[in-house]
Amino acid sequence: MSGYTTAELAALLIALVGVTLVARNVFLVLPRRWQPRGAFERALRAAPLAALVAITLPEILRDSVLAAPLAPLDWLRDPRLVSALVLVAVLRLTRRGVLALVAGSASFVMLLAWPS
């Protein structure tokens, strides 16, 4: 499924967690006048979900959508694409990132267990 080894994926995830933690928490130690405001503050709240999308979307598109022309409804065979669509739908309906991640992950696991 993936062109990455387990060690590469683990290193990538650890690096993303580190960058996200630093980006979101560096402002806790800065003086109050340097605290983020407005659009920048809202962008920092979306950083973890944006990082996850940045990792997964290119692979999903490369392997599912862009690899070859698909017959109608043939895209439903790829659990990654379907679970990504579930995640987006739940996020749009509820505006809750954690709930969307849980729904997307649950749909992915259920689709993997579904007999082909």
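The values are calculated or read from the model by the stated rules, or taken from the named source; none is laboratory data. Just so you know, these numbers come straight off a predicted model, no measurement behind them. Note that we place each Cβ from the backbone using ideal geometry, even for glycine, and neighbour counts take in every protein chain shown.
Quick notes on this structure:
- Number of positions in the range 59-94 that are more than 20 Å from TYR4 (Cα to Cα) and either touching a strand residue (DSSP E or B) at 6+ places or on another chain (Cβ under 7 Å) or at pLDDT below 80 (or both): 10
- Unmet criterion (only one of (1) at pLDDT below 75; (2) loosely packed, with under 12 Cβ neighbours inside 10 Å; (3) of a type in the set (Asp, Glu)) for GLU41: (1)
- Scanning the range 6-31 for residues that are part of a loop (DSSP other than H, G, I, E, B) and among the small types (Gly, Ala, Ser) returns no hits.
- Within the range 1-20, residues that are more than 24 Å from LEU112 (Cβ to Cβ) reach partners that are assigned to a helix (DSSP H, G or I) and modelled with pLDDT under 85 with beta carbons closer than 8 Å, at six or more positions or on different chains, in the pairs VAL19/ALA51; THR20/ALA47; THR20/PRO48; THR20/ALA51.
- Applying the set (1) at pLDDT 75 or above; (2) surrounded by 12 or more Cβ atoms within 10 Å (Cβ to Cβ); (3) out of contact with any helix residue (DSSP H, G or I) (no Cβ under 7 Å at 6 or more places or on another chain) to ALA23 leaves exactly one unmet item: (3).
- Some residue of the range 96-104 being modelled with pLDDT of 85 or more, surrounded by fewer than 17 Cβ atoms within 10 Å (Cβ to Cβ), over 19 Å from VAL17 (Cβ atoms) and of a type in the set (D, E, K, R): yes
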